[in-house]
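Below: one structure, written as C-alpha cells.
The values are calculated or read from the model by the stated rules, or taken from the named source; none is laboratory data. Everything quoted here is computed from the prediction, not taken from an experiment. Here Cβ is always computed from backbone atoms with ideal geometry, including for glycine, and neighbour counts include all displayed protein chains. With ligands, DNA and RNA removed, areas are computed over all heavy atoms of the protein, side chains included. Shrake-Rupley method; radii C 1.70, N 1.55, O 1.52, S 1.80 Å.
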Amino acid sequence: MSRIGKKPINIKGVTVNKSGNLVKVKGPLGELETEVNPYINVEINAEEIVVTRPNDERTIRALHGLTRALLQNMVTGVTTGFTRVLDIVGVGYRVEQKGSCLLLNLGFSHPILFEPPAGIKLEATSNTQIKIFGSDKALVGLIAAKIRSLKEPEPYKGKGIKYSDEVIIRKAGKAAGK
C-alpha cells in the first residue's frame, strides 16, 4: 500500500465538497478545485479525507499517491498558502513594484513588466528579491519558473534570476583552463 496514499488528510477549518469526480476545497485564502480520477475513491469524513484505491494495478497505485498529494496541497493552499522566493544577482539587475506588477531591469535594452495572473501576489521585498505567494502550489511554481526564465543564471559569474535555495555550480573561465 502507498505510504503517502494511506495517510488521512486533516481538514480542520476547511470545507470540502465532492460532486461526482470534482472535489472543491474552500478555506480562508480562497477556493480550489480538481478533478479526481474515477478509479480513486475519496471519502470525506467530519475531520479528514481518506483516499483509497480498488486494486493494486500499477497505474492505480500511482494515481493513489498522486491524488492524495494533490488534495493535501489544496488543503494547505487554502489555509496557509505557498511562497517561492527569487533572488536577482548581477550589477544593475533590479526589480521594483508597480502596483500588482513587477518592473524588471535585467540588462536588456528595455525593462520588462510582469503581470501576475489571478490568485498570485507578487512582492518586491527588496530591489533584488521577489516573493511569489498564492494558494495553488502548481501555479506559484509556474510563475516562479516563468520569472526565472526571463534571465536564467549563467555558470561563470552566476548573474541572473535564481531561486533563493538554488545553488549555481560555477565553471572556471578560459584563463583557468591553461
Could you look through the stretch 50-69, keep only residues that are in contact with a Ser or Thr (Cβ under 7 Å, 6 or more places away or on another chain) and in a helix (DSSP H, G or I), and pick out the one that is surrounded by the most Cβ atoms within 10 Å (Cβ to Cβ)?
64
If the Cβ limit is 6 Å and pairs must be 6+ apart or interchain, which residue in the stretch 111-140 that is under 24 Å from residue 71 (Cβ atoms) and in contact (Cβ under 8 Å) with a residue 24 or more places away in the chain pairs with which residue that is surrounded by fewer than 16 Cβ atoms within 10 Å (Cβ to Cβ) and among the basic types (Lys, Arg)?
133/121
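Quick one: in the stretch 70-112, of everything that is polar (S, T, N, Q) and part of a strand (DSSP E or B), which residue is nearest to the chain's Cα centre (by Cα)? Quick ask: steps written out before the conclusion?
Quick first cut of the stretch 70-112, residues polar (S, T, N, Q) only: 72-73, 76, 79-80, 83, 97, 100, 105, 109.
Adding the requirement that they be part of a strand (DSSP E or B) leaves 83, 97, 105.
Working: 83: 7, 97: 21, 105: 24 Å.
So, considering only residues that are polar (S, T, N, Q) and part of a strand (DSSP E or B), the one nearest to the chain's Cα centre (by Cα) is 83.
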Output the residue which, of all residues in the stretch 136-162 that are touching a Ser or Thr at 6+ places or on another chain (Cβ under 9 Å) and not in a strand (DSSP E or B), is surrounded by the most Cβ atoms within 10 Å (Cβ to Cβ).
140
Selection within the stretch 67-110 - among the polar types (S, T, N, Q), without any contact (Cβ under 8 Å) to a residue 40 or more places away in the chain and touching a strand residue (DSSP E or B) at 6+ places or on another chain (Cβ under 8 Å):
97, 100, 105
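Go through the stretch 8-22 and count every residue that is in contact (Cβ under 8 Å) with a residue 60 or more places away in the chain and either at positive phi or surrounded by 15 or more Cβ atoms within 10 Å (Cβ to Cβ) (or both). Can you show your working first?
Taking the stretch 8-22 first, the residues in contact (Cβ under 8 Å) with a residue 60 or more places away in the chain are 9-11, 13-14.
Imposing the further condition that a residue be either at positive phi or surrounded by 15 or more Cβ atoms within 10 Å (Cβ to Cβ) (or both) reduces the set to 9, 11, 13-14.
Total meeting the criteria: 4.
Taking the stated definitions as given, is residue 47 within 21 Å of the chain's Cα centre (by Cα), open to solvent by 90 Å² or more (accessible area, probe 1.4 Å) and at negative phi?
Details: within 21 Å of the chain's Cα centre (by Cα): no; open to solvent by 90 Å² or more (accessible area, probe 1.4 Å): yes; at negative phi: yes.
When the stated conditions are applied, residue 47 does not pass them.
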Can you pull out the residues in the stretch 143-164 that are more than 19 Å from residue 101 (Cα to Cα) and free of Cβ contacts under 8 Å to residues at least 12 places away in the same chain?
152, 154
The correct count of residues that are touching a strand residue (DSSP E or B) at 6+ places or on another chain (Cβ under 7 Å) and either open to solvent by 90 Å² or more (accessible area, probe 1.4 Å) or not in a loop (DSSP other than H, G, I, E, B) (or both) in the stretch 163-178 is 1
